[in-house]
Amino acid sequence: MAIDYSVIGERLKKARKEKHLTQEQLAEKIDVSIAFLSRIERGSSQINLKRLSQICDILEITEGDILNGTSSKSAKYLDFEFSNLLKDCSAEKQKLIYDIAKVVAGKN
């Protein structure tokens, strides 16, 4: 699976705006240029894990929020995970997974 830096950038931008930070403020906190941060948010520059972790700490989000679009802190994070898992399965496998889930959940 290829990394889509434009999606990562969009998520970072959204998180930054939710914290009411400008690009200038965030760039200053992580000691990079505004231009570099702008390129990250547009997906035209790659971000390494160290820098991503630094930004996530400042924005008070997890790397999973940014990389996967989900957070294990969210009550519904597994909805997304299950949806992705099931979309790649055949109808027969989906039915089998559903039947197993019903048994595990005690809903049979």
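Would you be able to tell me the number of residues in region 31-52 that are surrounded by 13 or more Cβ atoms within 10 Å (Cβ to Cβ) and either over 20 Å from the mean Cα position of the chain (by Cα) or small (Gly, Ala, Ser) (or both)?
6
Return the only residue of Asp99, Asp79, Asp65, Asp88 being in contact with a Ser or Thr (Cβ under 7 Å, 6 or more places away or on another chain), modelled with pLDDT under 95 and not aromatic (Phe, Trp, Tyr). Give the steps one after another, and end with the answer.
Details: Asp99 fails: in contact with a Ser or Thr (Cβ under 7 Å, 6 or more places away or on another chain); Asp79 fails: in contact with a Ser or Thr (Cβ under 7 Å, 6 or more places away or on another chain); Asp88 fails: in contact with a Ser or Thr (Cβ under 7 Å, 6 or more places away or on another chain).
Going through Asp99, Asp79, Asp65, Asp88 in turn, just one is in contact with a Ser or Thr (Cβ under 7 Å, 6 or more places away or on another chain), modelled with pLDDT under 95 and not aromatic (Phe, Trp, Tyr): Asp65.
With the requirement that a residue be more than 17 Å from Gly43 (Cα to Cα), of a type outside the set (Val, Ile, Thr) and surrounded by fewer than 14 Cβ atoms within 10 Å (Cβ to Cβ), what does region 1-24 give you?
Residues satisfying the conditions are Glu18, Lys19, His20, Glu24.
The values are calculated or read from the model by the stated rules, or taken from the named source; none is laboratory data. This one's a predicted model, so the numbers in the text were calculated from it and none came from an experiment. Virtual Cβ from ideal backbone geometry, glycine too; neighbours counted across all protein chains shown.
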